[in-house]
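Structure first, commentary second.
The values are calculated or read from the model by the stated rules, or taken from the named source; none is laboratory data. Please read these numbers as outputs of a predicted model, since none were measured by experiment. Here Cβ is always computed from backbone atoms with ideal geometry, including for glycine, and neighbour counts include all displayed protein chains.
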Amino acid sequence: MVFKTYFLVGGAGFIGSHFVDSLLRIDTTKKVTIYDNFSSGKEWHFQQHNKDARLRVIKGDVKEIDKLHRAIAGHDVVMHFAANPDIARAISEPSIDFTEGFYLTYQVLEAARLNKVKRIIYTSGSGVYGEVDIISPEDQGGMYPISTYGASKLASEAYICSYCHMFDLSACVFRFANVVGSRQTHGVGYDFIRKLRADPTQLEILGDGSQSKSYIHIQDIVSAVLLAHHKMTQKYEVYNVATGDYISVRDIASIIVECMGIKKPVHFKFTGGDRGWKGDVPVVRLDINKIHSLGWRCQLNSAEAIRDSALAMLKYL
């Protein structure tokens, strides 16, 4: 099946805008629509495509239901990126991951169903697994999210799966490791750069610095998603996407200091504890054999991805 028209919910954001770049490089792509409320998305993320007649940009919120339904008509694929980008925000706003997470997914699904969309691509995350002691595969073992963010992603996955079986949709769901790269608007590297810009003599680090996870470059994410999308034969598929290696927060801090060219010693001030905030999973390990079975391999390891993203962010932060 050839997919020619794409509707990107949250397409002006960090991750979504890189898919805009890639989709517009494909000759068979006839239309790419960005639907975004620009709460974190930026116009400069896609301004290089302003003269491409295939690109349409609609400023709108998913909660504007009638507007969403009209806009989504005539598209083969819906790519759903919109979500609360700040996992820790739920500590002070417990409903945020329902109103800006699961509820948005439901509205996107309904709009897709009513407009007979062929495929849903959903960006989930490793937070659905919670704190587990094994390398997490996609289809084995329990999932016990310890954050409302992870819970909203897991609930969204379940609803997407049910819609595929009840309403003749197909969907590809991706559980990403920590995504980094140019146009980042949040994340540990982003925070470190902002803190060191303000005071290059010291750096506050949440937790004890031993938190260890995979950090994957946005270009590796794009290649994995598009490969799985085009190779998909089942009604519903889920893929973990990660580098297969890991890096500690302490080591990330050292890379950021180096990339910023700070010559004098920087005092790392750890807030203590084994995690950065309530709901943070300090150690994440993902099984990536399934995405590897498609022939995909990442081009950058975690340290390389952090370094590349830092150098990119330093150009605009």
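Pick from the range 75-92 the residues that are more than 21 Å from the chain's Cα centre (by Cα) and at pLDDT 95 or above: which of them is surrounded by the fewest Cβ atoms within 10 Å (Cβ to Cβ)? Show your work before the answer.
First, the residues of the range 75-92 that are more than 21 Å from the chain's Cα centre (by Cα): 75-76, 92.
With at pLDDT 95 or above added as a condition, the list becomes 75-76.
Details: His75: 25, Asp76: 17.
Selected residue: Asp76.
Considering the range 39-74 alone, what residues qualify as being among the basic types (Lys, Arg), assigned to a loop (DSSP other than H, G, I, E, B) and more than 20 Å from the chain's Cα centre (by Cα)? Write out each step before concluding.
Step one: of the range 39-74, the residues among the basic types (Lys, Arg) are 42, 51, 54, 56, 59, 63, 67, 70.
Now narrow it down to the ones that are assigned to a loop (DSSP other than H, G, I, E, B): 42, 51, 54, 63.
The answer is Lys51, Arg54, Lys63.
Could you please give the count of residues in the range 131-185 that are on the phi < 0 side of the Ramachandran plot and part of a loop (DSSP other than H, G, I, E, B)?
Quick first cut of the range 131-185, residues on the phi < 0 side of the Ramachandran plot only: 131-140, 142-167, 169-180, 182, 184-185.
Remaining after also requiring part of a loop (DSSP other than H, G, I, E, B): 131-135, 137-140, 142-143, 145-147, 169, 177, 182, 184-185.
Matching residues across the range 131-185 total 19.
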Original post:
Between residues in the range 148-164 that are crowded, with 21+ Cβ neighbours inside 10 Å and residues that are acidic (Asp, Glu), which pairs lie under 8 Å by C-beta distance while being six or more apart or on different chains?
Top reply: Thr148/Asp97; Tyr149/Asp97; Ala151/Asp97; Ser152/Asp97
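Determine if the range 279-294 includes at least one residue that is in contact (Cβ under 8 Å) with a residue 40 or more places away in the chain, assigned to a loop (DSSP other than H, G, I, E, B) and loosely packed, with under 12 Cβ neighbours inside 10 Å. Spell out the reasoning first.
We begin by selecting, within the range 279-294, every residue in contact (Cβ under 8 Å) with a residue 40 or more places away in the chain; these are 279-291, 294.
Narrowing the set further to residues that are assigned to a loop (DSSP other than H, G, I, E, B) leaves 279-282, 284-285, 287-288, 294.
The next check asks that each one be loosely packed, with under 12 Cβ neighbours inside 10 Å; those that pass are none.
For the range 279-294, residues in contact (Cβ under 8 Å) with a residue 40 or more places away in the chain, assigned to a loop (DSSP other than H, G, I, E, B) and loosely packed, with under 12 Cβ neighbours inside 10 Å: absent.
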**OP:** Scan the range 24-50 residue by residue and report those that are free of Cβ contacts under 8 Å to residues at least 12 places away in the same chain and within 22 Å of Gly74 (Cβ to Cβ).
**Re:** Arg25, Ile26, Asp27, Asn50
